[in-house]
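The values are calculated or read from the model by the stated rules, or taken from the named source; none is laboratory data. None of the values given here were measured: they were computed from a predicted structure. Ideal geometry is used to build each Cβ from the backbone, glycine not excepted, and the neighbour counts take in all protein chains shown.
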Amino acid sequence: MKAAAFAYARATSVVNALELLAAHGDKAKVLSGGQSLMPAMNLRLISPDILVDIGGLAELRGIAVRAGVLVVGALTRHVDLLRSTDVALHAPLLRDAVGHVAHPAIRNRGTIGGSLAHADPASELPACVVALDATIVIRGPTGERRIAATEFFKGIYETALSPDELLVAIEVPIADQGSTFFFQEYARRHGDYAVVGLAARAVVATGRFADLRLGFFAVGDRPLLAAAAGRLVNASVTPALLAEAATALANELDPQEDQQATAAMRRHLATVLLRRCVAALLARPELEAGVAR
């Protein structure tokens with residue numbers, strides 16, 4: 001299939017992009033990397049009247065550390081995240097996750113801002129920014145606003161962005177001393193959409209979690225910051241306690257059933273990832289199998 005007819009405008013600046021969005025409202029779509037947008041248009045899942053191309057806006061690219069925050073421009077490509085020494089040092093979870101995003105051709109064009117704005121619940125990066133307690137920076141006609149990543153995703157392909165706003169950057173707190181990370185997903189083949197995935201950030205001190213943020217994806221209509229993680233913080237993690245947390249997690253999830261997996265399968269795989277994550281972060285492999293030490 002081919003996309004329905006549409007107009008095209010190439011923005012010359014962020015201000016110009018906002019003017020175009022204000023003029024066309026919800027009839028416009030922003031084009032950055034286009035790796036999700038163009039297939040959706042070709043399948044006639046969406047049919048915008050006009051595409052506002054922001055791909056040439058250098059002001060929205062780049063990675064920098066400022067005042068204890070890693071700032072990533074919205075047009076930063078997946079491949080840039082993979083290659084960045086700042087990302088590897090301060091937010092390695094992003095680097096680890098991007099290696100699972102589709103294939104090199106997609107990673108060479110796709111952008112972090114496009115991935116977040118698209119808000120596919122099976123995508124890796126939305127769960128990562130939730131786990132990292134990141135802030136989404138948005139610019140609109142009345143100025144700039146910042147939204148916690150946990151509040152940004154509203155449902156399947158739905159975010160807190162208004163039609164006349166643009167996602168311009170992501171701010172990630174620099175990892176604290178003792179921070180450690182975990183990323184893993186189940187997919188039928190490498191590069192396929194995840195059946196279930198987990199992006200986690202923890203602070204470990206004297207063999208215990210001082211903090212633990214578990215961002216699950218492909219288990220609901222948006223990335224989930226699991227409340228069950230709270231059971232494992234400031235506690236001596238035993239197989240029994242981990243089993244309680246796994247049960248709480250399964251009760252917390254509301255996964256979809258589709259051609260890839262049943263809801264029950266997704267719940268089960270999520271609890272398996274929880275065990276693997278805790279065992280890896282605490283360097284206690286016996287916990288993965290639920291064996292008493």
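Just a few scattered comments:
- Residues that are in a helix (DSSP H, G or I), of a type in the set (Ser, Thr, Tyr) and closer than 27 Å to Tyr157 by Cα occur in the stretch 258-281; there is at least one.
- Out of Thr180, Thr150, one residue alone is at pLDDT 95 or above, surrounded by fewer than 20 Cβ atoms within 10 Å (Cβ to Cβ) and within 28 Å of Met265 (Cβ to Cβ). It is Thr150.
- On the stretch given as the stretch 34-79, residues that are small (Gly, Ala, Ser) and under 19 Å from Asn16 (Cα atoms) total 5.
- Qualifying residue in the stretch 34-47 (condition: closer than 27 Å to Leu81 by Cα and among the polar types (S, T, N, Q)): yes
Residues are listed down the side, and each one gets a yes or a no for (1) touching a Gly at 6+ places or on another chain (Cβ under 7 Å); (2) outside any strand (DSSP E or B):
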{"position": "Lys154", "(1), (2)": "no, no"}
{"position": "Leu161", "(1), (2)": "no, yes"}
{"position": "Ile170", "(1), (2)": "no, no"}
{"position": "Thr180", "(1), (2)": "no, no"}
{"position": "Phe183", "(1), (2)": "no, no"}
{"position": "Ala199", "(1), (2)": "yes, no"}
{"position": "Ala202", "(1), (2)": "no, no"}
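- The stretch 222-253 - residue that is over 13 Å from the mean Cα position of the chain (by Cα) and of a type in the set (D, E, K, R) and, of those, surrounded by the most Cβ atoms within 10 Å (Cβ to Cβ): Arg231
- Exactly one residue out of Arg189, Arg208 is free of Cβ contacts under 8 Å to residues at least 12 places away in the same chain, among the charged types (D, E, K, R) and surrounded by fewer than 19 Cβ atoms within 10 Å (Cβ to Cβ), and it is Arg189.
- The condition of being in contact (Cβ under 8 Å) with a residue 12 or more places away in the chain and in contact with a Ser or Thr (Cβ under 9 Å, 6 or more places away or on another chain) holds for only one of Gly68, Gly114, Gly99, Gly155, that being Gly114.
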